[in-house]
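Heads up: the structure comes next, in structure tokens.
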Amino acid sequence: MAPQSPPKATSPVLRLKRGHDRPLVHPWIFKGDVADVGAVAPGDAVTVIDGTGRFVGRGFFNPRPALCCRILTRRDEPLDAAFFASRIGEAIARRGGADPARLVWSEGDGLPGLVIDRYGDVLAVQCLTLGMARLRATLVTAARAAVGDLAAFSADDPAAASLEGFAPARGWLDREGPEAVVVDEDGVKLRVTLGGGHKTGLYLDQRLNHRRLAEAAAGRTILDAFAYAAGFACHALVRGATSAVCIESSAEALDSARANLALNRVSDRAELVPANVFDELRRLEREAPRFGLIALDPPPFARTRTAVEAAARGYKEINLRAMRLLAPGGRLATFSCSHHVAEAAFEDICRDAAVDAGITLRVVERLTQAPDHPVLLTVPETRYLKGLLLEAV
């Protein structure tokens, strides 16, 4: 597939309403921010100006979703192939050759709507906006210029594609690649099945947290709740944990967990439990086993602001029950990836759970996403993963 021609600098104009100043420092423009917009096809570039006519930036416009425009540059420059080659090349250079790694992280790298991950000799490309999807081949060409001629797999998110109004691409871009890739994450082997599982194959944002919890693994047992592909369990077992219990409701994820445990030759010390985590934690609480390590890494409980209250109840329940399962001196790594649950609110939830559990916990460390998921100070949405490493005292 030949690269399509990106938009030129002579793009239609989107004028912001007076007093709508957030887009001056934040890349998102909502329909309520827009005073008027010129004739523009969905997915094309627009030049953004403020209410007084001053240049703000340039980005892709789509009238379909409420978030109708995302600013890509605040310079008066065209969004052409040279722009994407430069921006993607800079993002990849910041990773310093890491593999596996998130090479491009959407807003965090000034490329809202684009995610590119590297797994060995494969690039996994996820387009989250119509504008990026239309330029997929151009974007892959830019990435290949920085990392070499790797096979590229399109791994679009169906929900985002539906919102933006394009068909999600799931498959190889211009040539076939391997069905699966085995990567090395700090000495632990993990299998990535292209086109399967969550995200683009692995939870790369948890890479450092896998290692952090496993530092205290020797001689301990681990409970890996919401285990997915058993990343926390594999790291702990490789580093000397005596046994692991992995709870996961998805049959596909359990297959990945089984494969990863086998790759690391630790299957004999692991038990896979196909169950709902809430139900299984209640059962374990009745039986009262004790674990030296516990990982709680649930999916987002609050995808919208209206779900925050229910999410808080869910986070409190799983944390309370996990805390009651901690052995003396045991460590709990607990996370929220719900953007709408703020870090302070999540810590309050965990504090309330500890009070109800009647347990004293020391905060060993506050955890977050790996550095290849960069956070922008003026774009709080780029920091979505909040975590606490706690120790029972």
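The values are calculated or read from the model by the stated rules, or taken from the named source; none is laboratory data. Just so it is clear, the structure is predicted and the values come from calculations on it, not from any experiment. Here the Cβ positions follow ideal geometry from the backbone for every residue, glycine too, while neighbour counts run over all protein chains shown.
Structure values in brief
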{"item": "Residue among Gly187, Gly196, Gly171, Gly201 that is among the small types (Gly, Ala, Ser) and surrounded by 19 or more Cβ atoms within 10 Å (Cβ to Cβ)", "result": "Gly201"}
{"item": "Single condition Tyr384 does not satisfy, out of (1) assigned to a strand (DSSP E or B); (2) touching a Cys at 6+ places or on another chain (Cβ under 6 Å); (3) not basic (Lys, Arg)", "result": "(1)"}
{"item": "Residues of segment 354-381 satisfying the condition of being of a type in the set (Gly, Ala, Ser) and assigned to a helix (DSSP H, G or I)", "result": "Ala354, Ala357"}
{"item": "Residues (assigned to a strand (DSSP E or B) and in contact (Cβ under 8 Å) with a residue 40 or more places away in the chain) located in segment 170-183", "result": "Val181, Val182, Val183"}
{"item": "Output for segment 79-110, where each listed residue is of a type outside the set (A, V, I, L, M) and over 19 Å from Gly148 (Cβ atoms)", "result": "Asp80, Phe83, Trp105, Ser106, Glu107, Gly108, Asp109, Gly110"}
{"item": "Residue identified as under 16 Å from Ala295 (Cα atoms) and surrounded by fewer than 16 Cβ atoms within 10 Å (Cβ to Cβ) among Glu215, Glu176, Glu248", "result": "Glu215"}
{"item": "Checking Leu261 against (1) surrounded by 12 or more Cβ atoms within 10 Å (Cβ to Cβ); (2) without any contact (Cβ under 8 Å) to a residue 40 or more places away in the chain; (3) not in a helix (DSSP H, G or I), the condition it does not meet", "result": "(3)"}
{"item": "Qualifying position, being at positive phi and either at pLDDT 95 or above or touching a helix residue (DSSP H, G or I) at 6+ places or on another chain (Cβ under 9 Å) (or both), among Gly108, Gly89, Gly96", "result": "Gly96"}
{"item": "Segment 14-73: number of residues that are among the charged types (D, E, K, R), crowded, with 22+ Cβ neighbours inside 10 Å and more than 20 Å from Ser162 (Cα to Cα)", "result": "1"}
{"item": "Single residue of Arg102, Arg118 found to be free of Cβ contacts under 8 Å to residues at least 60 places away in the same chain and under 16 Å from the mean Cα position of the chain (by Cα)", "result": "Arg118"}
{"item": "Members of segment 52-70 that are touching a strand residue (DSSP E or B) at 6+ places or on another chain (Cβ under 7 Å) and not β-branched (Val, Ile, Thr)", "result": "Phe55, Gly57, Arg58, Gly59, Phe60, Phe61, Asn62, Ala66, Leu67, Cys68, Cys69, Arg70"}
{"item": "Residues (modelled with pLDDT of 95 or more and either out of contact with any helix residue (DSSP H, G or I) (no Cβ under 7 Å at 6 or more places or on another chain) or not in a strand (DSSP E or B) (or both)) located in segment 1-17", "result": "Pro12, Val13, Leu14, Arg15, Lys17"}
{"item": "Candidates Leu389, Leu320, filtered to the one that is assigned to a strand (DSSP E or B), under 26 Å from Ala253 (Cα atoms) and not aromatic (Phe, Trp, Tyr)", "result": "Leu389"}
{"item": "Hey, Ala227 among the aliphatic types (A, V, I, L, M), surrounded by fewer than 24 Cβ atoms within 10 Å (Cβ to Cβ), at pLDDT 95 or above and assigned to a loop (DSSP other than H, G, I, E, B) or not", "result": "no"}
{"item": "Flag for Leu326 being under 23 Å from Asn209 (Cα atoms) and modelled with pLDDT of 95 or more", "result": "yes"}
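Here's the yes/no breakdown for (1) free of Cβ contacts under 8 Å to residues at least 40 places away in the same chain; (2) over 22 Å from Arg303 (Cα atoms); (3) acidic (Asp, Glu); (4) surrounded by fewer than 17 Cβ atoms within 10 Å (Cβ to Cβ):
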{"residue": "His339", "(1), (2), (3), (4)": "no, no, no, no"}
{"residue": "Phe346", "(1), (2), (3), (4)": "no, no, no, no"}
{"residue": "Ala357", "(1), (2), (3), (4)": "yes, yes, no, no"}
{"residue": "Thr360", "(1), (2), (3), (4)": "yes, yes, no, yes"}
{"residue": "Gln369", "(1), (2), (3), (4)": "no, no, no, no"}
{"residue": "Thr378", "(1), (2), (3), (4)": "no, no, no, yes"}
{"residue": "Tyr384", "(1), (2), (3), (4)": "no, no, no, no"}
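For (1) modelled with pLDDT under 95; (2) outside any loop (DSSP other than H, G, I, E, B); (3) under 22 Å from Ser106 (Cβ atoms); (4) touching a Phe, Trp or Tyr at 6+ places or on another chain (Cβ under 7 Å), each residue gets a yes or a no:
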{"site": "Pro42", "(1), (2), (3), (4)": "no, no, yes, no"}
{"site": "Val48", "(1), (2), (3), (4)": "no, yes, yes, no"}
{"site": "Arg58", "(1), (2), (3), (4)": "no, yes, yes, no"}
{"site": "Arg64", "(1), (2), (3), (4)": "no, no, yes, no"}
{"site": "Cys69", "(1), (2), (3), (4)": "no, yes, yes, yes"}
{"site": "Asp76", "(1), (2), (3), (4)": "no, no, no, yes"}
{"site": "Leu79", "(1), (2), (3), (4)": "no, no, yes, no"}
